[in-house]
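All remarks here apply to the structure that follows.
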Amino acid sequence: MQVEGFFEGLGQAIGAVIRFVVDGLDWLFHGFTHAGSNFIEGLSRTLGMDTSLISIGALIIGLILLYSAIRAFMRASIIMGIIWLALGLWVMSWVVH
């Protein structure tokens, strides 16, 4: 009879520890998710764009193209810089209203 009480208490203690860890991780990831959604909302509101994944993907592609234009200009490749710049601005014009 004593053994059953011991293992029941041990199971409850381990269960409480596991529950504490799971609740802590839930709180942590919920905080990251909330911060990320607030960041996306603020970014989209400031730029005047939608919060869809396609809009965010187009924004990232446009920024990569503009970065490529800057790199081309720094290498003194004027023609490629103009091409990258035109493509980047073209993509960014789809996203930003």
- Query: Among the residues of the stretch 38-51, which ones are loosely packed, with under 10 Cβ neighbours inside 10 Å and either over 27 Å from W94 (Cα atoms) or not hydroxyl-bearing (S, T, Y) (or both)?
  - Reply: G48
- Message: Being among the polar types (S, T, N, Q) and part of a helix (DSSP H, G or I) is the filter here; which residues of the stretch 74-93 pass it?
- Response: S93
- Check W94, W90 and return the single one that is under 24 Å from S44 (Cβ atoms), aromatic (F, W, Y) and at pLDDT below 90. W94
- Does at least one position in the stretch 25-37 carry a residue that is closer than 22 Å to L89 by Cβ, at pLDDT 90 or above and of a type in the set (S, T, Y)? no
- Pick out the one residue from I56, I14 that is assigned by TED's automatic domain parsing to the domain that holds G88 and either part of a helix (DSSP H, G or I) or hydrophobic (A, V, I, L, M, F, W, C) (or both). I56
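The values are calculated or read from the model by the stated rules, or taken from the named source; none is laboratory data. Source: prediction; values computed, not measured. So basically every Cβ, Gly included, is an ideal-geometry build from the backbone, and we count neighbours across all protein chains shown.
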